[in-house]
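Below is one structure, written out as structure tokens; the observations come after it.
Nothing in this text is a laboratory measurement; each read-out follows from the coordinates by a stated rule. The model shown is predicted, which means the values in this text are computed figures rather than measured ones.
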């Protein structure tokens, strides 16, 4: 399992598709938007926004990553399991690689349902199509799944 350091509300971890089960599949497609950005000091730039306590430059362009399946994680975890479609996996893999290679101040910014959800530090590129998005206790996993499916 590959884990990404988290700043903000989400924790991400990628799992190999071979080790996962589709038993809890919702069977619905969806969309997550992502962009690479940099941290900033909120007093310095008018484009600096806070995403769950992490100040980042607001990306002007987001890449759309198609989702083949999303579901609330089982076992009492407050998380969402996401399987990207082929094109979405390529976007996710490319952006995690770019973020990891861009240095300590780079962040993968995640937008779901038009709302900025997280600014994540990525330590290494993720090469899988399956990711678990860990949520804070204030968030509801099914609500996040619904936002993904609404695209």
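A few remarks follow.
- Largest first and in whole Å, the equivalent-ellipsoid semi-axes of the stretch 45-90 read 28, 18, 5, each the square root of five times a Cα gyration tensor eigenvalue.
- Computed from the Cα positions only, the extents of the stretch 40-151 along the three principal axes stand at 42, 30, 23 Å, in decreasing order.
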